[in-house]
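Inspection log for the structure reproduced underneath, given as structure tokens.
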Amino acid sequence: MKTFLFKKRQIIIRSFSILLLVLVLLPFISFGAIVNCGNSDPSECNFYSITRMVNEGLKWFMGISISVVTISFAIAGGMMLLNPGDSAKRSKAKEVFKNTIIGLIIVLTAYLIVYTVLKGITNPDSGVFRFLKDK
């Protein structure tokens, strides 16, 4: 009976997660907020448009990541507060805190690397393309 309820709970959580993901992605898909060139004239798409599209995708991904981190911290905090005497659940909550912080560090590091590369490529004064300049 316990495993049936656990499986039913997992199905409900997964269904809600998929629904939430679709609701978050729907405005971007329907209004084309990420791809913002070539709607009226395909010739207006250039390298800057591609980097701008990547930057918009990064901003969206960071917003979603911060939301997931906030929810994860709230769940772990709730586990800590609601089970003060149960050491197994407290250690599970500590594990959730630790994994959330590690995930946040990975996401922020990846964002920093991609942002730095994009900034270096798109900024003509950075010296990334200095070999192309006439001397």
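All but one of (1) part of a helix (DSSP H, G or I); (2) at pLDDT below 85; (3) surrounded by 11 or more Cβ atoms within 10 Å (Cβ to Cβ); (4) of a type in the set (V, I, T) hold for I34; which doesn't?
Status for I34: all satisfied but (1).
Given (1) farther than 21 Å from L58 by Cβ; (2) modelled with pLDDT under 70; (3) of a type in the set (A, V, I, L, M, F, W, C); (4) surrounded by 13 or more Cβ atoms within 10 Å (Cβ to Cβ), where does V96 come up short, assuming only one miss?
Going through (1) farther than 21 Å from L58 by Cβ; (2) modelled with pLDDT under 70; (3) of a type in the set (A, V, I, L, M, F, W, C); (4) surrounded by 13 or more Cβ atoms within 10 Å (Cβ to Cβ) one by one, V96 breaks only (2).
Keeping to the stretch 99-135, report how many residues are at pLDDT 85 or above, surrounded by fewer than 12 Cβ atoms within 10 Å (Cβ to Cβ) and not hydrophobic (A, V, I, L, M, F, W, C).
Residues meeting the conditions: 1.
The values are calculated or read from the model by the stated rules, or taken from the named source; none is laboratory data. Note that the structure is a prediction, hence the values are computed from the model and not measured. Virtual Cβ from ideal backbone geometry, glycine too; neighbours counted across all protein chains shown.
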